[in-house]
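Peer 1: Encoded as structure tokens, here's the structure I'll be asking about.
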Amino acid sequence: NEHVVVQRFIVAPGEWEGLHAHPGNQVYVHVNGGEWSGRAGGKPTYSGSESEDGAVGWMEEIPISEEHESGNTGDNPIDLIWVTLKDDAPIAPNARHVPLTYPDAPLDLLLENDRVIVQRVQIEPGQWEGIHAHPGNQVYIHIKGGIWSGRSGGVQAPPFPFSETGSVGWMDAIDYSVGHESGNTGDTTIDLVWVTLK
């Protein structure tokens with residue numbers, strides 16, 4: 001959309017990305033982690049760096065002149081999602097940005113800087129988040145998908161289509177007065193990462 005580009009790619013064991021640049025202002029999210037190694041100008045820069053499922057980080061600009069690339073030196077495919085911010089500055093610099101909160105499900109703060117707040121939450125089968133608001137300008141990423149249902153003002157809607165592992169979406173603002181909450185109406189744990197743009 002006008003604020004972000006969200007991309008997903010899978011790096012097979014033994015596969016390298018090839019030389020590339022990074023524009024900076026990027027959040028990376030591991031749907032499936034693994035073992036990374038890196039090189040620049042053909043020389044190793046790091047080796048055997050392990051990333052867990054759901055691990056996130058922030059990428060600054062890397063020019064093509066650095067001849068940067070990373071590769072999967074482990075035994076399992078790495079599934080990675082990039083959230084690249086299009087704007088060079090915060091999109092709402094005068095707003096008060098706070099982490100998202102659910103009354104009935106704790107969110108872990110994974111990363112915060114002057115551009116984003118990144119949080120992770122796990123919703124167990126039968127669990128609901130509790131009534132809450134959304135500030136808008138949020139990307140959600142399913143580390144583990146599942147079946148969601150929603151309620152507004154206490155009225156429950158039919159379940160949404162199954163959210164696949166690795167699926168993403170955009171959340172606009174929802175005022176607290178709407179009485180909005182979502183719940184896990186499936187039989188597996190849903191693991192979700194929120195990227196809130198500042």
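Peer 1: Would you point out the residue of region 122-151, among those that are crowded, with 18+ Cβ neighbours inside 10 Å and β-branched (Val, Ile, Thr), that is nearest to residue 174 (Cα to Cα)?
Peer 2: 131
Peer 1: Checking residue 158 against (1) free of Cβ contacts under 8 Å to residues at least 12 places away in the same chain; (2) assigned to a strand (DSSP E or B), which single condition isn't satisfied?
Peer 2: (2)
Peer 1: While we're here: I'd like the full set of residues that are among the acidic types (Asp, Glu) and in contact with a Ser or Thr (Cβ under 7 Å, 6 or more places away or on another chain), limited to region 98-139.
Peer 2: Narrowing region 98-139 to residues among the acidic types (Asp, Glu): 104, 108, 112, 114, 124, 129.
Within region 98-139, 124, 129 meet the criteria.
Peer 1: Report yes if residue 84 is in contact (Cβ under 8 Å) with a residue 40 or more places away in the chain and more than 22 Å from residue 168 (Cα to Cα), otherwise no.
Peer 2: Numbers: in contact (Cβ under 8 Å) with a residue 40 or more places away in the chain: yes; more than 22 Å from residue 168 (Cα to Cα): no.
Judged against the criteria, residue 84 is not a match.
Peer 1: If we only count strands (runs of 3 or more DSSP E) wholly inside region 1-63, which ones have 1 or more residues that are in contact (Cβ under 8 Å) with a residue 24 or more places away in the chain, open to solvent by 30 Å² or more (accessible area, probe 1.4 Å) and in contact with a helix residue (DSSP H, G or I) (Cβ under 7 Å, 6 or more places away or on another chain)?
Peer 2: Numbers: elements: 4-11, 26-32, 34-40, 43-51, 56-59.
Fully inside region 1-63 and qualifying: 34-40.
Peer 1: May I pose another question? Residues that are surrounded by 14 or more Cβ atoms within 10 Å (Cβ to Cβ), acidic (Asp, Glu), touching a residue at least 12 places away in the same chain (Cβ under 8 Å) and touching a Gly at 6+ places or on another chain (Cβ under 8 Å): does region 96-119 have at least one?
Peer 2: For region 96-119, residues surrounded by 14 or more Cβ atoms within 10 Å (Cβ to Cβ), acidic (Asp, Glu), touching a residue at least 12 places away in the same chain (Cβ under 8 Å) and touching a Gly at 6+ places or on another chain (Cβ under 8 Å): absent.
Peer 1: Which residue is surrounded by the most Cβ atoms within 10 Å (Cβ to Cβ), if the candidates are limited to region 176-189 and must be assigned to a strand (DSSP E or B) and of a type in the set (Gly, Ala, Ser)?
Peer 2: Our first condition is that a residue be assigned to a strand (DSSP E or B); within region 176-189, this holds for 180-184.
Applying the additional criterion that residues be of a type in the set (Gly, Ala, Ser) yields 182-183.
Values: 182: 21, 183: 23.
So, considering only residues that are assigned to a strand (DSSP E or B) and of a type in the set (Gly, Ala, Ser), the one surrounded by the most Cβ atoms within 10 Å (Cβ to Cβ) is 183.
Peer 1: Ok, one more. Does residue 91 satisfy the condition of being in contact with a His (Cβ under 9 Å, 6 or more places away or on another chain) and in a loop (DSSP other than H, G, I, E, B)? Steps first, answer last, please.
Peer 2: On the way: in contact with a His (Cβ under 9 Å, 6 or more places away or on another chain): yes; in a loop (DSSP other than H, G, I, E, B): yes.
Against the criterion (in contact with a His (Cβ under 9 Å, 6 or more places away or on another chain) and in a loop (DSSP other than H, G, I, E, B)), residue 91 qualifies.
Peer 1: Whether any residue in region 152-175 is surrounded by fewer than 20 Cβ atoms within 10 Å (Cβ to Cβ), at pLDDT 95 or above, more than 30 Å from residue 59 (Cα to Cα) and of a type in the set (D, E, K, R) is what I want to check.
Peer 2: The answer is yes, given that some residue of region 152-175 is surrounded by fewer than 20 Cβ atoms within 10 Å (Cβ to Cβ), at pLDDT 95 or above, more than 30 Å from residue 59 (Cα to Cα) and of a type in the set (D, E, K, R).
Peer 1: Can you name every residue in region 10-50 that is under 22 Å from the mean Cα position of the chain (by Cα) and modelled with pLDDT under 95?
Peer 2: none
The values are calculated or read from the model by the stated rules, or taken from the named source; none is laboratory data. Computed from a prediction, not measured in an experiment: that's the story for all the values here. So basically every Cβ, Gly included, is an ideal-geometry build from the backbone, and we count neighbours across all protein chains shown. Accessible surface areas use protein heavy atoms only, side chains included; no ligands, DNA or RNA. Shrake-Rupley method; radii C 1.70, N 1.55, O 1.52, S 1.80 Å.
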